[in-house]
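Read the structure below first, then the notes.
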Ligand SMILES: NC(=O)c1ccc[n+]([C@@H]2O[C@H](COP(=O)([O-])OP(=O)(O)OC[C@H]3O[C@@H](n4cnc5c(N)ncnc54)[C@H](O)[C@@H]3O)[C@@H](O)[C@H]2O)c1
């Protein structure tokens, strides 16, 4: 079935959605957009879509059955709720809300109206993340116990509304939400503590760098980090597993796995070894034939698969991949990150 989409907020991401859908998804036609800035009209019309004169005009357009909300974060709640109440299925950009209580209100309305509601957590289809997920799921190097997920840059700037607290600016909301969503979909089980360190290196109002340690009840711990003031990058992923280590270095997915060799004897004399680190047994280099280096596994993923699932849910009742309840867990972790920073300590939780 063909679906007609209208976009609220035709800025950077709204326009990206339009172009991406046009190129990749036959089942969705973007028919129009609304934006509070009148000057966006020209761009929308040039891109071949109708520019609504008001939000109400968009919400009352009967041919529209799917609305995409891509405004600054603080407007999401109100716009999602009014779209659902107008009988539309709704996709909202991340972070879907500024708190878990806001999201609970939105979920309640989606249940009441029985309309589809999903958050555009497109980074579940990132190649680097999918490689890490495959290494874990296929048990390539055993059980993970510490996973580090980092996105680092050095531009020292937050674009436009992202620098203001009132708009839900800052890096926890902007990039953190992606990394947390990925981790929650990688590791099963509850999170029992959150210890967050937020920094405002150059920003007046919001966090521009942060690190958060998340402890799972199953013994796995993770570190998520976003940096905008980092001049020497660490790998995008560094994963410590019982039988090896995996690194995904960058967005191009350079990297490697070093694993214990299964067919080699793991024995050597335990004499003290004189190394550059000084005399040591523990940190002495291991014999090179006791490990194997293997390439990262191949994966085939596309961001467009997010919309394919949305269409499949509406048309065929398929299982929704990005569920609102999953986004609620992410929102609760984010609440706890801010609480940890406020109190200056790690916070016990059961999320
Ligand atoms: N999933 C991703 O990979 C990804 C990437 C970038 C941005 N985003 C998200 O997309 C959303 C938009 O970000 P952006 O980078 O496109 O911002 P942007 O500033 O480029 O665009 C936002 C647009 O919304 C319009 N707007 C503001 N308030 C509005 C309102 N009340 N009603 C209608 N229009 C309104 C603005 O005029 C602007 O054109 C944010 O929630 C952001 O976090 C997601």
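Taken together, the values in this text are just the output of simple stated rules run on the coordinates, not laboratory data. Because the structure is a prediction, the values reported are computed rather than measured. Reconstructed Cβ throughout: ideal geometry from the backbone, glycine too, with neighbour counts over all protein chains shown.
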For this session: Arrange 271, 312 by Cβ neighbour counts within 10 Å, fewest through most, would you?
Result: 271, 312
Problem set entry | Per-pair calculated FRET efficiency, R0 = 30 Å: residue 252 and residue 319 via Cβ, rounded to 0.05 | 0.40
Exercise. What do you get for Rg/Rh of the range 28-184 when both radii come from the Cα atoms and Rh is the Kirkwood radius?
Worked result: 1.03
Exercise. Can you give the relative contact order of the range 245-351 as a percent, counting alpha carbon pairs under 8 Å and 6+ residues apart?
Worked result: 18
Exercise. Taking Cα pairs under 8 Å and at least six residues apart, what relative contact order does the chain come out at, in percent?
Worked result: 18
Exercise. For the range 101-224, what mean projected area does the convex hull of the alpha carbons give, in nm²?
Worked result: 9.6
Exercise. Based on the Cα coordinates of the range 202-268, what is the per residue volume of their convex hull in Å³?
Worked result: 153
Seminar exercise, completed: Helix 324-343 sits off the longest principal axis of the Cα atoms of the chain, rounded to the nearest 10 on a 0 to 90 degree scale, by 70
Exercise. Sorted from fewest to most neighbouring beta carbons within 10 Å, what does the list 86, 276, 327 look like?
Worked result: 276, 86, 327
Problem set entry | Rounded FRET efficiency, nearest 0.05, which uses the C-beta distance separating residue 281 from residue 309 and R0 of 51 Å | 0.45
Problem set entry | residue 197-residue 217 pseudo-label distance in nm [points 7 Å out on the Cα-to-Cβ vector] | 2.9
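With N denoting the number of residues in the range 3-120, provide Rg(C-alpha) divided by 2.2 N^0.38 Å, to two decimal places.
The reported ratio for this selection is 0.98.
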Seminar exercise, completed: For the range 181-329, averaging the sequence separation of alpha carbon pairs under 8 Å that lie six or more residues apart and dividing by its residue count, the contact order in percent is 12
Seminar exercise, completed: Taking Cα atoms, the helix 12-24 axis meets the longest principal axis of the chain at an angle in degrees (rounded to 10) of 90
For this session: Could you give log10 I(q)/I(0) at q = 0.07, 0.10 Å⁻¹ for the chain, computed by the Debye formula over C-alpha point scatterers of equal weight, without solvent?
Result: -0.35, -0.68
For this session: Calculate, for residue 230 and residue 301, the FRET efficiency according to 1/(1 + (r/R0)^6) with r their C-beta to C-beta distance and R0 30 Å; round to the nearest 0.05.
Result: 0.70
Exercise. Between the helical axis of 127-137 and the dominant principal axis of the chain, each derived from Cα atoms, what acute angle in degrees is found, rounded to the nearest 10?
Worked result: 60
Problem set entry | Taking 67, 136 and counting other C-beta atoms within 10 Å, the order from fewest to most | 136, 67
For this session: For residue 1, put the label point 7 Å out on the Cα→Cβ axis and report which residues of the range 280-321 keep their amide N under 18 Å from it.
Result: 307-321
